[in-house]
Amino acid sequence: MLEIKNVYKTYDKKKYAIEDVSLSVDKGDIFAFIGPNGAGKTTLIKCITGLIPFEKGEIYVDGKNVKEEIDSVKSDIAYIPDNPDIYESLTGIEFLNFIADAFKIKKEIRKEKIEYLSKYFNIYDNLTDLISSYSHGMKQKLVIISALIHSPKLLILDEPFVGLDPEASFKLKQIMSEYCQNGGSIFFSTHVLETAEKICNKIVIIKDGKIIKSGLTKDIIKDETLEDVFMELLKESRNG
């Protein structure tokens, strides 16, 4: 579903923000992308979604080249940034209908999805309110709902649990699991290692723009915790 081959990205032509990164996300994967602040996680995500260019390598989404077919790729993905900017002068329902219009979702389908998901995340009664009146957590829920409206093949999430209360976090984990069981794929960055350990079947750990560990969660963790493995790898990379 997502194939990244030897990707390089630099901002100042001196130091790579992403250096020779390769990984593969298959259909049904919940794939965690982990690393310290400044490791290159958001940079790679923006390369995948076509928001920023990259100098070398190739990225494919469902077989489509991101550099050459970005418009088609965008119809197959949904991206939720770590700090989403949404139109606060709109009401919640106006924003969701705007997104549904962009993806040409039929009215009966969007109505059913919006009602189900907004009730699931407990913001149904707030959809007629201006987004400017929403809390950060409510805005996050609204963006999650908007990402699911067009049934994307690949969900790309940057710190999706930030700002969510425990109940909403639990429900998002359920949605992610069901989404992948139904044939979708998820690639997401997170600092919540316990969550990644519990719900992800694959993990990649990055530092200074380079992958330092990648594979099946069970093979990476073995009889340790993900937090233990993560800290050991950071220590080794600094000493090395």
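A few remarks follow.
- The largest-to-smallest principal axis extents of the Cα set in the range 24-145 are 47, 34, 28 Å.
- Per-pair calculated FRET efficiency, R0 = 22 Å: Tyr116 and Glu167 via Cβ, rounded to 0.05: 0.85
- Neighbourhood charge, 12 Å Cβ-Cβ cut-off, centred on Pro53 and excluding it, Lys, Arg +1 and Asp, Glu -1: +3
- Helix 136-148 and the longest principal axis of the Cα set of the chain meet at an angle near 90°.
- Summed residue charge, Cβ within 11 Å of Gly35's Cβ, Lys/Arg positive, Asp/Glu negative: +3
- Within the shell defined by Cβ-Cβ distances under 14 Å, the residues around Glu227 carry a net charge of -2, with Lys and Arg each +1 and Asp and Glu each -1.
- Calculated FRET efficiency for the pair Glu58/Lys15, C-beta based, R₀ 22 Å, to 0.05: 0.50
- Where labels lie 7 Å past Cα in the beta-carbon direction, separation of Ser133 and Ser72 in nm: 4.5 nm
- Centre-to-centre separation between the Cα atoms of the range 1-66 and those of the range 134-166: 21 Å.
- Packing rank of 44-51, 59-66, where each peptide gets the mean count of other beta carbons within 10 Å, highest leading: 44-51, 59-66
- Scattering curve values for the range 151-240, log₁₀ I(q)/I(0), Debye with Cα scatterers, q = 0.15 Å⁻¹: -0.63
- As a length-normalised measure over Cα pairs under 8 Å and 6 or more apart, the relative contact order of the range 1-84 settles at 32 percent.
- Lysine pairs within the range 18-131, Cα separation less than 16 Å, 8 or more sequence positions apart or different chains: 9
- Antiparallel beta bridges, as assigned by DSSP with both residues in the chain, represent about 55 percent of the total such bridges.
- Computed from the C-beta positions of Asp85 and Asp223, the FRET efficiency with R₀ = 41 Å rounds to 0.45.
- Heavy atoms of Glu69 accessible to a 1.4 Å probe, total area in Å² rounded to 10: 80 Å²
- Within a straight-line Cα-Cα reach of under 18 Å, Lys14 can be paired with the following aspartates and glutamates, leaving aside sequence neighbours fewer than 8 residues apart in one chain: Glu55, Asp208.
The values are calculated or read from the model by the stated rules, or taken from the named source; none is laboratory data. Quick caveat, the model's predicted, so the values are computed rather than measured. Note: ideal-geometry Cβ built from the backbone for every residue, glycine included; neighbour counts use all protein chains shown. Remember, those area values only see protein heavy atoms, side chains included, never the ligands or the DNA or RNA. Shrake-Rupley method; radii C 1.70, N 1.55, O 1.52, S 1.80 Å.
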